[in-house]
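Inspection log for the structure reproduced underneath, given as structure tokens.
Laboratory data are not the source of any read-out in this text; all were calculated from the coordinates shown. Computed from a predicted model, the values in this text were never measured in an experiment. Counting neighbours? That spans all protein chains shown, and the Cβs are built from the backbone with ideal geometry, glycine included.
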Amino acid sequence: MSAFDTAPPWFRPLLRTEARLLQRFKDRLPSSASLHGDDRGLANYESTSLGVPATERMVPGGNASPYMVEHVGRYLWAMKIAGGKHVVDLGCGEGYGTFLLSWTASSAQGFDISQSAIGAARERYPGARYDTADICDSSELPAASLAVCFEVLEHLHEPEALLAAAAQRYPRLLISFPNPLVGGSHINPHHVNDWPLSTLKRKLRQAGATRLTGYHQRGHPRPRGDYVVRRGAISWNATWVFDVRF
């Protein structure tokens, strides 16, 4: 069981308690048998501790689980803000989100450290530019008026470096982070950061944020709309989304 070293001390007992409960009732959790992978080595696999579906990267047409609706929902929200702007997508993965941003942005460029992901993006989604880069190194990133970074921080061993790079290069950043109690490292082994909302906001301010506008996504589809990004961020939201000004 994870020690949750990246979480503040007061938050770790909550994560450990949830992990014990999930372990106890893991036979009632959804199986990954209904999900499938893809031919680029990005398949879903079962968490070693819980046996629940866990994926590193969403692949449209590959492991397109119900979570894809949540991922696309963030980009649909960002498309309005990106209208007419030069936009970069940090940690773009397979590139479907960058492609959506290109529909409204003046230009859209996606960056990811994975060469296989960038290769797939170039093949599948024309209309935007895709390049490999270390998104934690500002020298590898071009200037733009807006940066987007969705569901990336939790995968990085040095997330502060990414925030610092974004602050150096971009005046505005749209960023999301999953609530560890909903999808932390004890549920998804690809996640290495278990920050509560208070820590996330503190890290953003330490990176140089001068204004934070909080939004959220719910953990379950509702009749009013599946995973719509809504104003306000509170501790029990499934996913926190911020419009950050540097």
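Over segment 66-245, what is the relative contact order in percent, taking alpha-carbon pairs closer than 8 angstrom and at least six residues apart?
Relative contact order of segment 66-245: 19 percent.
For each of Cys136, Cys92, count neighbouring Cβ atoms within 10 Å of the residue's Cβ, then give the residues from fewest to most.
Placing the least packed residue first, the sequence is Cys136, Cys92.
Over segment 117-208, what is the relative contact order in percent, taking alpha-carbon pairs closer than 8 angstrom and at least six residues apart?
Values: 104 pairs, mean separation 24.5, N = 92.
Relative contact order here is 27 percent.
Dimensions of segment 66-245 along principal axes (Cα, Å, largest first)?
The Cα atoms of segment 66-245 stretch 37, 37, 31 Å along the principal axes, largest first.
At a 10 Å Cβ-Cβ cut-off, how would you order Asp131, Asp89, Asp5, fewest neighbours first?
In order of increasing Cβ crowding within 10 Å: Asp5, Asp131, Asp89.
For Arg218, Arg202, what's the fewest-to-most ordering of other Cβ within 10 Å of each Cβ?
Arg202, Arg218
Where the centroid of each part is defined by its Cα atoms, how far is segment 130-198 from segment 102-126 in Å?
17 Å
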